[in-house]
Amino acid sequence: MRIIVAGAGNAARALLSRLGDRCEMVVIDSDRARLASAASLVRPIDAIVGDPASQETLDRAGLRDATCVVAMANGDEDNMAICRLSAEAGIPCVAAAVDPERLGDYREQGIPAVSPDALVARRLVSILEPRRVFSAGLASGLAEGLEFEVDARAPVCGRPLRDLDLPRWLVVSILRDGRLIVPHGETVLQAGDLVTVVGSDEDRAQVVRAFTPGVTRFPLDFGQTIAVALGSEADLAGPVSEAIHLAKASRAEGITFVHRPSRRRRSPEDLIRRATQLAGATPVWTHQVDGDPLRMLLGTPWGRSVGVVVVPGRAVDGAAWRAPLARLARAVVRKGTPVLLSRGTFPYRSIVAPARLTRAGAAAGRVAIDIAAFEQCPVVGVAVVPPDYAADDEDREGALVAASRLQEDAAARGVDLVRAVRVGNAVRVMEDAGSRDTLVVLGTGPRRRTVLTPGIAGHVAHRASCSVVIVPGDP
């Protein structure tokens with residue numbers, strides 16, 4: 001098999017290194033240095049010095065005996081001339097377009113062509129946007145094939161295909177739990193589906209938006225209101241004020257103040273009145289309980305009426321922090337309700353979230369992005385890699401992928417995200433990421449937390465100097 005490569009640039013040398021040894025390679029270029037580089041670094045070749053777009057040079061390269069010609073010269077006009085001369089000799093030819101915008105000119109002349117720039121862009125997309133796990137040009141570049149992992153918040157999730165407004169795109173296959181599904185109009189897309197779509201290259205942005213999470217919902221995935229204990233004057237300046245701020249920086253429908261009943265010498269009415277004034281236009285409800293409001297708040301099954309519980313930071317500060325923190329963590333998991341440990345670091349100038357490929361990490365990332373969208377502040381996505389003696393390439397790659405996924409989700413909702421890949425102990429790294437104007441969002445899994453096993457979220461919640469939200473991994 002005799003293949004003529006017209007051009008000895010970087011792309012040509014990469015091609016030469018990948019073709020089989022049974023191919024007899026002839027390379028044409030007017031630059032002797034590039035020919036020498038191709039000959040010395042790649043494989044044995046026949047080097048022809050001359051203008052790749054001239055009939056005389058192609059004839060010297062043995063055009064009539066060639067199996068095919070690859071046009072990879074420095075300019076598109078030269079490449080099209082090479083392909084025309086090859087066609088006149090009856091030899092197949094394929095070209096690499098120098099300018100991607102000239103691909104239409106190649107098509108008009110019936111010349112198969114690819115754009116190295118487009119190929120590089122697709123490869124970069126697969127790295128920067130991991131949920132878009134496949135990208136390939138089709139129909140001479142007029143169409144594109146993409147694969148997406150369906151996110152639970154994506155506009156297409158939970159909807160039948162017939163209802164999708166993607167007129168120039170077609171869902172051709174779905175991989176669900178290892179089973180291939182050939183879809184039809186009534187097929188409903190589910191979270192986690194690996195979906196292959198094909199359609200117009202010009203409408204790529206539309207289909208990306210459809211498969212990317214773009215709805216800000218916190219705390220509605222957990223409940224409608226934010227509940228906070230109201231028991232003393234200190235609560236007004238602390239957890240109550242932060243609960244009000246969070247209600248305004250989210251889709252919460254209002255605030256629920258949990259308080260004791262009136263007693264002979266103590267009445268909560270004045271506290272409730274002052275807290276209501278602080279809330280301003282935010283709707284307020286009150287809930288009277290017998291006993292300690294804070295304990296009742298963490299122990300009462302609120303159902304969908306409460307989406308976040310706010311407790312004072314002092315609840316887990318001090319030497320005896322493990323027991324109250326274990327109760328708090330168990331409440332998050334058992335009730336399925338996030339808890340905000342208030343240390344008064346609002347308004348938030350940044351939201352810190354772990355970048356982890358776990359359900360708890362994904363849940364924390366969603367909440368962090370939602371709050372950042374309302375606060376109009378950036379998210380710091382912290383991916384922790386174990387120290388060198390305990391880490392391997394898989395750990396490092398997983399950290400980068402997790403950070404990229406979080407960045408992709410943030411971008412879909414117009415939120416800036418700063419990726420921070422750090423080596424070290426996860427507790428210390430997350431603790432150091434917080435500051436006086438920061439909110440740290442952490443996820444916790446279904447494992448039961450005890451006094452002896454508070455987990456990463458527990459240790460960070462105790463050690464951090466800023467406010468911390470702990471969210472359940474499976475809302």
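The values are calculated or read from the model by the stated rules, or taken from the named source; none is laboratory data. Because the structure is predicted, anything quoted here is derived from the model rather than measured. Reconstructed Cβ throughout: ideal geometry from the backbone, glycine too, with neighbour counts over all protein chains shown.
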Inset, instruction - Pull up segment 150-167, narrow it to residues that are modelled with pLDDT of 80 or more and acidic (D, E), then point me to the one that is farthest from the chain's Cα centre (by Cα). - result: D163
Inset, instruction - Determine which member of the set A252, A243 is at pLDDT 90 or above, part of a loop (DSSP other than H, G, I, E, B) and not assigned by TED's automatic domain parsing to the domain that holds R162. - result: A252
Inset, instruction - Evaluate segment 277-284: report whether one residue or more is within 33 Å of the chain's Cα centre (by Cα) and surrounded by fewer than 22 Cβ atoms within 10 Å (Cβ to Cβ). - result: yes
Inset, instruction - With the checklist (1) more than 27 Å from L406 (Cα to Cα); (2) not in a helix (DSSP H, G or I) in hand, flag the one item V195 doesn't pass. - result: (1)
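Taking the stated definitions as given, is A61 in the same structural domain as C93 (by TED's automatic domain parsing), modelled with pLDDT under 90 and not charged (D, E, K, R)? Break it down into steps so the answer makes sense when it comes.
Values: in the same structural domain as C93 (by TED's automatic domain parsing): yes; modelled with pLDDT under 90: no; not charged (D, E, K, R): yes.
So A61 fails the test.
Conditions tested, residue by residue: (1) modelled with pLDDT of 85 or more; (2) surrounded by 20 or more Cβ atoms within 10 Å (Cβ to Cβ); (3) within 29 Å of A143 (Cβ to Cβ).
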{"site": "I28", "(1), (2), (3)": "yes, yes, no"}
{"site": "D46", "(1), (2), (3)": "yes, no, no"}
{"site": "D65", "(1), (2), (3)": "yes, no, no"}
{"site": "A87", "(1), (2), (3)": "yes, no, yes"}
{"site": "I111", "(1), (2), (3)": "yes, yes, yes"}
Legend entry - Top-ranked residue in segment 48-74 [being in a strand (DSSP E or B) and in contact (Cβ under 8 Å) with a residue 24 or more places away in the chain; ranked as farthest from P92 (Cα to Cα)]: A71
Inset, instruction - Those residues that are surrounded by fewer than 22 Cβ atoms within 10 Å (Cβ to Cβ) and either at pLDDT 85 or above or over 22 Å from G313 (Cα atoms) (or both), I need them from segment 414-427; list them, please. - result: G414, D416, V418, R419, A420, V421, R422, V423, G424, N425
Inset, instruction - With respect to A210, determine if the residue is of a type in the set (G, A, S) and modelled with pLDDT of 90 or more. - result: no
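Does at least one position in segment 225-233 carry a residue that is of a type in the set (A, V, I, L, M) and surrounded by fewer than 21 Cβ atoms within 10 Å (Cβ to Cβ)? Outline the logic, then answer.
We begin by selecting, within segment 225-233, every residue of a type in the set (A, V, I, L, M); these are 226-230.
Checking which are surrounded by fewer than 21 Cβ atoms within 10 Å (Cβ to Cβ) leaves us with none.
Looking through segment 225-233, none of the residues is of a type in the set (A, V, I, L, M) and surrounded by fewer than 21 Cβ atoms within 10 Å (Cβ to Cβ).
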Legend entry - Pairs, first over 22 Å from E408 (Cβ atoms) in segment 154-177, second polar (S, T, N, Q), C-beta under 8 Å, six or more apart: P160/T187; L161/T187; R168/S200; V172/T196; S173/T196
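Listed residues A411, A353; which is of a type in the set (G, A, S), modelled with pLDDT of 90 or more and either surrounded by 19 or more Cβ atoms within 10 Å (Cβ to Cβ) or not assigned by TED's automatic domain parsing to the domain that holds A152 (or both)? So that I can check it myself, show each step before the final result.
Values: A411 fails: modelled with pLDDT of 90 or more.
Only one candidate qualifies: A353.
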Legend entry - Unmet criterion (only one of (1) modelled with pLDDT of 85 or more; (2) among the acidic types (D, E); (3) over 30 Å from P283 (Cα atoms)) for D235: (3)
Inset, instruction - Go over the candidates V384, V379, V468 one by one and state the one that is more than 27 Å from P312 (Cβ to Cβ), hydrophobic (A, V, I, L, M, F, W, C) and either in the same structural domain as I226 (by TED's automatic domain parsing) or modelled with pLDDT of 80 or more (or both). - result: V384
Inset, instruction - Among residues belonging to segment 225-245 that are out of contact with any strand residue (DSSP E or B) (no Cβ under 8 Å at 6 or more places or on another chain) and aliphatic (A, V, I, L, M), point out the one that is farthest from D292 (Cα to Cα). - result: A237
